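Data block below; observations after.
The values are calculated or read from the model by the stated rules, or taken from the named source; none is laboratory data. Computed from a predicted model, the values in this text were never measured in an experiment. Note: ideal-geometry Cβ built from the backbone for every residue, glycine included; neighbour counts use all protein chains shown. Accessible surface is based on the protein model in full, side chains and every heavy atom, while ligands, DNA and RNA are left aside. Shrake-Rupley method; radii C 1.70, N 1.55, O 1.52, S 1.80 Å.
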Amino acid sequence: MVLSSKKTTVRTEGEVPGRKKIRVRIAPSPTGYPHIGTIYQALFDYAYARGRSGTFVIRIEDTDQARFVMDAEDEIYNAIDWFGLTEDESPRKGGPSGPYRQSERLAIYQKYARELIEKGSAYYCFCSKERLEEVRQRLASEKKQVMYDKHCRNLTDEQIAANVASNMPRTVRLRVPENRQISFTDWLRGEISFNSNLVDDQVLLKSDGFPTYHLAVVVDDHLMEISHVVRGEEWLSSTPKHILLYQAFGWEIPSLIHTPILRNPDKSKLSKRQGHTNVSWYREAGYLPEAILNYLALMGWSHPEGKEIFPLSEFIEQFDFKDVNPIGPIFDLAKLNWMNQHYIQETRDEELLERLLVHFPDLHDKDQSFLLRLMPLVKTRMDTLSDFTALTRHFFVEPDYSVEDGGDKKILAETQKSLTAVKKWQADAIFLGLKSVMQEHKVRMPFFYKLFTGAERGLPLPQSLEIIGRDRTLARLDRARAA
Ligand code: GLU
């Protein structure tokens, strides 16, 4: 559909005539759990607004009643709060441009739909669902682009009046001009042109009085004085319809920024079918929100000094949309794990414990000072908070020697002798005790891991045994020998 795309010089906000204030928005639809892509956009919006004394708005686009999911709006706020990307205006916060929930703005859209009809930029369509379905099927079977066949586009005033008088259900459709190029500038991609003959006479207002996305988004972005419309590139093909609407109303077109779609390492689109598109997945898996934000910041953007790790405050200082590369960035969980591990390692022990207590409420029942002693050790190995359970099992659960084979009895006896001789029960001395057995009996560390923890690897063993304590360690040996 795109005729041409050429990169033009990027404008900066100062050059948009008459628009001084930066106002950006995310406009999620409450159709399920928030998508990580929504947070990606929220992050860019938030950073842009905060760095320029602007305003960050959340508008809830709930006009698609069929796809509405209860609680989805609350989930959006939960996600926004978890990441700390708090908005300035929204349904929950209010603000001067409210209401911010589209279902509460129906009268506004209806008024603007009427205005379009009066201007001749839109028309009533009385086609039945059945007729539209027939048209759709016919075009699909002819392998043609599925579009409305403009059946009602040229009804006479009398026909329209008669249909209205007999209460025929009707929608309002955009009258897309023929044989024109519709052009606009995307900040990241330059000028983009579409052939209007390939743009559908889109329904703007449905027969139930609800607007479609296209009418609502343009009316709201205008009335809410959004200076920069930031959304995913999957919306690019909708933009020509929006341009026609802006032109029909005589409204200034905001700056348009279509952010790249995040991709998996195999270049496929992150989609709902893979679990890790939902914010809730990251929460449950035990990622730290600041690590995710840092990683998302690097999707299509790079720090001017090439830094990989930087806080949100620094991103706010440095970020500008003009530096975003529109070529599909790769969202690699392995890289995110690395980054998350880094953030965990940098977290103070007390704070890490607090986060673990939120993640695993059952930990409240355990001795808190004992847990705190584990922090320096676990933070070197946890990719995510969830790793804590498996990594620390041996501190809380005794290996079952009726199942686990403790190993060669002679070596066990030697180990007991060697560890009993350890004077100061500290990791270094414990290590030397184990080392002497290793040298003499040609065994390796995994042998001791298995013996004391039931697993072949894990947290550094001498340190673990120091925390487990002399008595419990030796008791384990006793039981292994007796098994
Ligand atoms: N409601 C649309 C969505 O859920 C918003 C698209 C836009 O930002 O214009 O993605």
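The range 407-483 holds helices (runs of 4 or more DSSP H) entirely within its bounds, and those carrying 3 or more residues that are without any contact (Cβ under 8 Å) to a residue 60 or more places away in the chain and open to solvent by 30 Å² or more (accessible area, probe 1.4 Å) map to 409-420, 427-441, 445-453, 470-482.
If the requirement is being surrounded by fewer than 20 Cβ atoms within 10 Å (Cβ to Cβ), at pLDDT 90 or above and away from the ligand (no atom under 15 Å from the Cβ), which of these qualifies: 103, 53, 5?
On the way: 103 fails: away from the ligand (no atom under 15 Å from the Cβ); 5 fails: at pLDDT 90 or above.
When all the criteria are applied, what remains is 53.
Pairing each residue of the range 204-225 that is over 17 Å from residue 249 (Cα atoms) and touching a residue at least 12 places away in the same chain (Cβ under 8 Å) with any residue that is part of a helix (DSSP H, G or I) and more than 9 Å from the ligand (Cβ to nearest atom), provided the two are 6+ apart or on different chains, yields C-beta distances under 7 Å for 209/106; 209/110; 210/65; 210/106.
If the condition is being among the aromatic types (Phe, Trp, Tyr) and either touching a Leu at 6+ places or on another chain (Cβ under 6 Å) or under 24 Å from residue 72 (Cβ atoms) (or both), then the range 256-315 contributes 281, 282, 287, 295. Quick check on residue 37: is it more than 13 Å from the ligand (Cβ to nearest atom) and within 14 Å of the chain's Cα centre (by Cα)? Here the answer is no, as residue 37 does not meet what is asked. Within the span defined as the range 79-102, every residue fails to be closer than 22 Å to residue 216 by Cα, assigned to a helix (DSSP H, G or I) and either among the charged types (D, E, K, R) or in contact with a Leu (Cβ under 8 Å, 6 or more places away or on another chain) (or both). Looking only at the range 164-207, residues that are in a loop (DSSP other than H, G, I, E, B), among the acidic types (Asp, Glu) and loosely packed, with under 14 Cβ neighbours inside 10 Å come to 1 in all.
Restricting the range 224-259 to residues that are more than 12 Å from the ligand (Cβ to nearest atom) and open to solvent by 20 Å² or more (accessible area, probe 1.4 Å), the residue that is nearest to the chain's Cα centre (by Cα) is 237. Residue check: residue 294 meets all listed conditions (1) within 16 Å of the ligand (Cβ to nearest atom); (2) open to solvent by less than 20 Å² (accessible area, probe 1.4 Å); (3) in contact with a helix residue (DSSP H, G or I) (Cβ under 8 Å, 6 or more places away or on another chain) but one, namely (1). If you go through the range 61-77 and keep only what is surrounded by fewer than 18 Cβ atoms within 10 Å (Cβ to Cβ), within 12 Å of the ligand (Cβ to nearest atom) and within 14 Å of residue 104 (Cα to Cα), you end up with just 64.
Output yes when any residue across the range 44-67 is touching a helix residue (DSSP H, G or I) at 6+ places or on another chain (Cβ under 8 Å), β-branched (Val, Ile, Thr), in a loop (DSSP other than H, G, I, E, B) and farther than 10 Å from residue 26 by Cα, and no when none is. Yes, because at least one residue in the range 44-67 is touching a helix residue (DSSP H, G or I) at 6+ places or on another chain (Cβ under 8 Å), β-branched (Val, Ile, Thr), in a loop (DSSP other than H, G, I, E, B) and farther than 10 Å from residue 26 by Cα. Only a single criterion out of (1) part of a helix (DSSP H, G or I); (2) farther than 19 Å from residue 24 by Cα is not satisfied by residue 317, namely (2). Scanning the range 442-467 for residues that are at pLDDT below 90 and in contact with a His (Cβ under 8 Å, 6 or more places away or on another chain) turns up 454, 455.
When each of 380, 384 is tested for being more than 26 Å from residue 478 (Cα to Cα) and at pLDDT below 95, the lone residue that passes is 380.
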